[in-house]
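In what follows, a single structure is set out as structure tokens and then discussed.
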Amino acid sequence: MDPEVSAVRLTVWEAVHILSSSEDGGRIFCTLGSLKRYLGATENPALPEEQEEFVRIHFSTFLRCLVSKLSPDWLELLPDGQMEELWASFFLEGPADQAFLVLMESIEGAASPSFCLMKMAQLLARFLSVGRMAAVMEGQCRQQAGPAFPLLQETLLTKVVGLPDRLGNRLQRENLATFLPQNYFPLLGEEVLRVLQVVVDSLRARCTLMALPPSPSCPRWPGLLRLLPVSGPGESLRPRETEAPVCFPSEEVLGVLVPRLTVLTQGSCLWQRVCWCLVERVPDWAMEAVLKGFVEAAPGPEVLSRLLGNVVTKSKKAQFVMTRKLLFLQYSCTMPMLQSLLGYLAMDSQRRSLLMQALKELLETWGSSSAIRHVPLVQQRYVSKAILICLAHLGEAELRDSRDELLASLMEGVKSRLDSSLPPVRRLGMIVAEVASARIHPEGPPLKFQYEEDELTREMLALAMPRPAADGPSEAGPSFAPVSGETPDRETVDRSGPQTGPEGSDSELDSDDEFVPYDMSVDREQRSSKAPSYVRGCLEALTGSEDWERWEAALWALEGLIFRSPAATQEVSVELAKVLLHLEEKTAVVGFEGLRQRALVALTVTDPARVAEYLTTQFYALNYSLRQRMDILDVLTLAAQELSRPGRLGKAPQRGSPDPGSQPGGAVVPAWRAVVEERVRRKTRRFSKGSAGRAPAVGPNEFNSVAGYFFFPLLQHFDRPLVTFDLLGDDQLVLGRLAHTLGALMYLAVNTTVAVPMGKALLEFVWALRFHGDAYVRQGLLSAVSAVLLSVPAERLLADLLDELLEARSWLGDVAEKDPDKDCRLLAVKALLLLEKLRDKLLPLSSP
Amino acid sequence: MAAPPLPPPDPQFVLRGAQSAVHTLHFCEGAQGQGRPLLLSGSLRGLVHIWSLQTRRVVATLDGHGGQCVTWLQTLPQGPQLLSQGRDLKLCVWDLAEGRNAVVDSVLLESVGFCRGSVLAGGLQRWLLAVPGRGSDEVQILEMPSKTSVCSLKPEAQARLGMPMCLQLWQADSSPRPLLLAGYEDGSVALWDVSSRKVCSRVSCHTEPVMGLDFDSQEARGVSGSAEKALAVWSLDEQQALQVRGTHVLTNPGIADVKIRPDRKILATAGWDHRVRVFHWRTMKPLAVLAFHSATVHCVAFADDGLLATGSGDQRISVWSLYPCT
């Protein structure tokens, strides 16, 4: 055995022995002082071999021994805290990793709360504050990876990352501020940066020394590289027993790292390479968190590209995260994140193929009809935006190369989107189709859809605009972000805005005051004076007439005439309904649809039984367009609404009264009446002024007697497909409308005797269709259930519909939890709430 | 709180007795400075009525167009001479002096369209007359009373302006060159330099044929109405270029005639929707809608004292006094 080696061992043994037995402060001080030689800090350090042996073999043991001695008495063996200082110096000056491990270990082992624990915690805080954590990491970087190392490293990493949790757990309320995650992780970030700085410096030194271009593979730093990712997904490493609040260290560490790295990598190739290496060696399980953090914190694609390099082409996992996970599986990225992610893919020729690939896959997902049905709208919007950004980044030539493929999936998608019964889905289809077709096939005829402009469309169209090549402010880093370029622009705009105004108002200023305008309310759209005066006349004009002015006038006059002469209308009601239902817009009449609908509603209200019967049979008849069928549904709903309106009778003619401009007679009557009433009021003396207010209008629900005509025929044939009309197949839009209409009719039938059988039939209808694939249909069904709950009296619900309700309840629960459509979930929850309310209403009845 | 708007005005009086639709109106100063001017009206049946605004009766009836509609009436400043254009393809010159009413001359027209002529009274006894010409898109300029054809203004073949629909001859104060504003069937208004026979400028201000225009030569601004639902205001800059200044959307389509009051304060339009609309000329602020007539209003005319006369298919002429001249 080597005598020197054993000398070290002997010294350590002796020291340990003295420490454990002696109570003499001076002796202990001497012993410790002699051991300090091995740490190389004193004026006559031990031989390097001895130092190395001490550090490798004896240091941890010795530290443990020191920890075990820690007590108030022991520390007071020497005055002025000398002992404590000396004691601490071993931890702060010795090899950082071992010191750290022993500290953590003893903190966990110490009884809590105790003097010992607090001392150790304070020491750890000091350890952190003097930057020893960097030494821990640096030590890991320098060491040659031996066979035993990975395990030790794992332990070390676990401890480093779990520190806030562990200490929080041990110290409970006495926790120090340094150990709180919000303070600790930024500190960790700073330390990582310091280590990186050291690495870069050493690399730079080496490069200058060897006059070689810096090669990224030279430094050995697996330990450090792994620290970074470990500090990412803190949760995965957090020990099970901890109860610390959930925190996201990755955000905090990267929040410090990324801005600094952004600045550092700006001019330095070396830093960039270090950064790339760092990211490339992130282990797979941590890749997602790290990349997401980078994407989130980076201010733009340029920075992201500088920080990440070509990691997506080198690491499968990174590629998966960047091109699939963040695009398809998650949809939580904000728009700037998505912009920088896709911009990053577009910035390098090696990565551009990935962008193309991503676009193809995005389009495929976007167009898949099953995705349209089952994916939440938010995600569909996200995918659509991603497509637009991709298109903005891709060049003409690239798009041309795979035009056929792109067009095929685009067209497929547009078709299935336009088929959808949800307007937002259709709108997305239109916007993306317009933009994408213009980009993919610029020579072809442009697609143009009609959709309303709103916030979303404007945002999406803005995304489709190609971004300027480099944006200065984001390049400059977060330290200073001047937006000077923008402000003057806005000012000039502001100034030029009002300038157009004064031109008008200026001339107005000296405008002669004598030009006071007269009342111009008579100036309205002119209508032909040839309007028929009887309902039959209208009927003739609408059927046989070739005189389009008369036809138009008849259409305008019809509603008023129907209300004015109900008896005459009833004679021809069905005939008129037939004419109106088949009426085509032969001239460009403004508001044709509305006029026709109002006339039909008026007709149905005037003669509900016959017209409703006619309309409902026509709903399932052969030769109608979907438009006509949906009109039927609308008319039935509106008419039912009108019929069930309380106090309808008193006010009915008011709607029909023609405007005074076209028919002077109509306007005169109310004026005349008002004048007479006023005169009577003035000349009449009243002795009491009680009950001046008018009682609320009351009357029987007129819908009561006819609700059946409206409702039941609509339920009869929905499962029997015709050649031209297949409710359960392609025509799901009409089915959705039908479900909504039935729900509305049910709701309007409140307080009628027929409500109970209606509710029963409706619940059966709902039950048969409850798993329909179309969200719009399901929405209709859910609102129908709510309508049943609202309209059928509670006692009857329990007596007659109990089974159906129980079944519906479990279904509603399912929908409320699992349905992909947000509105469906909402409606289901509402229906469930109604059920709850129903139960609450019944319970007090039964309990006493 | 703004005061409630004034109720719509009523006509000052109504002239009945034309016995057919009134298609053109013209005020002329009464002979020998009689208090009130005379009003001339041309009817569908080819009669020209001369109304006294004092007695509100017909003073004289002229029958010179063989029962065909009279589309345009104009008096000449020198001597009481009246021009009447009819759809019998004749333009008659009447002598009304001292109670006479005889046709002293007539010009044969070659266009069957509705285009009204225009007159530019130059020297003492000589005046220019613009009427639609032989070719469907031509305007003929005659020197009267010699009836010599000065020139015929024919747009370039590829311009496809269609027929001229309304004409206005005028002369800028600064230059002696006569200019002609013509509204065409395709909805554009063109400015012709008559002496060089060139179109100086053209502006498309309507999508339908221009039915009437009037020009305010002091402000170099004009207004035109067409079969569509809008009035267009255009202006002429120093380079003789027409520019559309703005359009004013109306409630109902169809403007048969537009006139600016001689004091250039207001303008009136004759609408196919039976209404006369009055606007403030400078700002184009709508001032009034006169809903008196029960048929298409064919013509409006302003007297020098600000009186407004409107003639309509309901055979009535209504006379209004709005925003009196100061």
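Counts of other chain beta carbons within 10 angstrom of each beta carbon in peptide B:287-296 average 3. Volume per residue for the range B:110-249 equals 99 cubic angstrom (convex hull of Cα atoms). Straight distance only, please: which aspartates and glutamates reach the Cα of A:K385 with their own Cα at less than 12 Å, same-chain residues fewer than 8 apart left out? Cα-Cα hits under 12 Å: A:E459.
Across chain B, the relative contact order, built from alpha-carbon pairs under 8 Å that are at least six residues apart, equals 13 percent.
Counted residue by residue at 0.36 nm each, then reduced by the alpha carbon distance between them, the extension gain from B:S195 to B:S217 reaches 6.1 nm. Surface composition of the range B:93-168: carbon plus sulfur atoms hold 52% of the accessible area, using a 1.4 angstrom probe and ignoring ligands, DNA and RNA. Toward the positive end of the charge dipole of the range A:706-843, with +1 on the Cβ of Lys and Arg and -1 on the Cβ of Asp and Glu, the farthest Cα among A:N751, A:G729, A:V815 is that of A:N751.
Calculate what fraction, in whole %, of the accessible area of the range A:706-843 sits on carbon and sulfur atoms when a 1.4 Å probe is rolled over the protein chains. Mind showing how you got there, number by number?
Details: 3590 of 6230 Å².
Accessible surface attributable to carbon and sulfur in the range A:706-843 totals 58 percent.
Over every Cα atom in chain B, the radius of gyration and the widest Cα-Cα span, Dmax, amount to 18.7, 64 Å. Per the Kirkwood formula applied to alpha carbons, the range A:535-644 shows a radius of gyration over Rh ratio, Rg over Rh, of 0.93. Taking a ≥ b ≥ c as the square roots of the eigenvalues of the Cα gyration tensor of the range A:706-843, is the shape rounded (a/c under 1.5), prolate (a/b larger than b/c) or oblate? Oblate, because a/c is 1.5 or more while a/b does not exceed b/c.
Just to be sure I understand: if you take the accessible area of chain A alone plus chain B alone and subtract the pair, with a 1.4 Å probe, what total do you get in Å², rounded to 100?
Adding both sides of the contact gives about 2100 Å².
Would you mind classifying the range B:3-138 by shape? Square roots of the alpha carbon gyration tensor eigenvalues, ordered a ≥ b ≥ c; an a/c under 1.5 is rounded, otherwise it is prolate if a/b is larger than b/c and oblate if not. Since a/c reaches 1.5 and a/b is larger than b/c, the shape of the range B:3-138 is classed as prolate. Projected over every direction and averaged, the convex hull enclosing the alpha-carbon atoms of the range A:318-378 yields 4.2 nm². FRET efficiency for the A:D547 to A:R627 pair, using the beta carbon distance and R₀ = 35 Å, is estimated at 0.85. Sum up the charges of everything whose Cβ sits under 14 Å from the Cβ of A:L103, counting Lys and Arg as +1 and Asp and Glu as -1, but leave A:L103 out. It works out to a net charge of +3. Rolling a 1.4 angstrom probe over the protein heavy atoms with all chains in place gives the range A:535-644 an accessible area of 40 Å² per residue. As a fraction of the 1.4 Å probe accessible area of the range A:535-644, surface on carbon and sulfur atoms comes out at 51 percent. With a Förster radius of 45 Å, plug the Cβ-Cβ distance of A:L77 and A:W285 into 1/(1 + (r/R0)^6) and report the FRET value to the nearest 0.05. Between A:L77 and A:W285 the formula returns 0.35.
Just counting partner chain Cβ atoms within 10 Å, what average do the residues of peptide B:272-283 show around their Cβ?
That average works out to 3.
Convex hull volume of the C-alpha atoms in the range A:3-186, normalised per residue: 128 Å³. The A:T457 and A:L826 beta-carbon pair, evaluated with R₀ = 22 Å, returns a calculated FRET efficiency of approximately 0.40.
With the simple model of a label 7 Å out from the Cα in the direction of the Cβ, A:A609 to B:V112 spans 6.3 nm.
The values are calculated or read from the model by the stated rules, or taken from the named source; none is laboratory data. Computed from a prediction, not measured in an experiment: that's the story for all the values here. Here the Cβ is made from the backbone with ideal geometry for all residues, glycine too, and neighbour counts use every protein chain on show. Accessible surface is based on the protein model in full, side chains and every heavy atom, while ligands, DNA and RNA are left aside. Shrake-Rupley method; radii C 1.70, N 1.55, O 1.52, S 1.80 Å.
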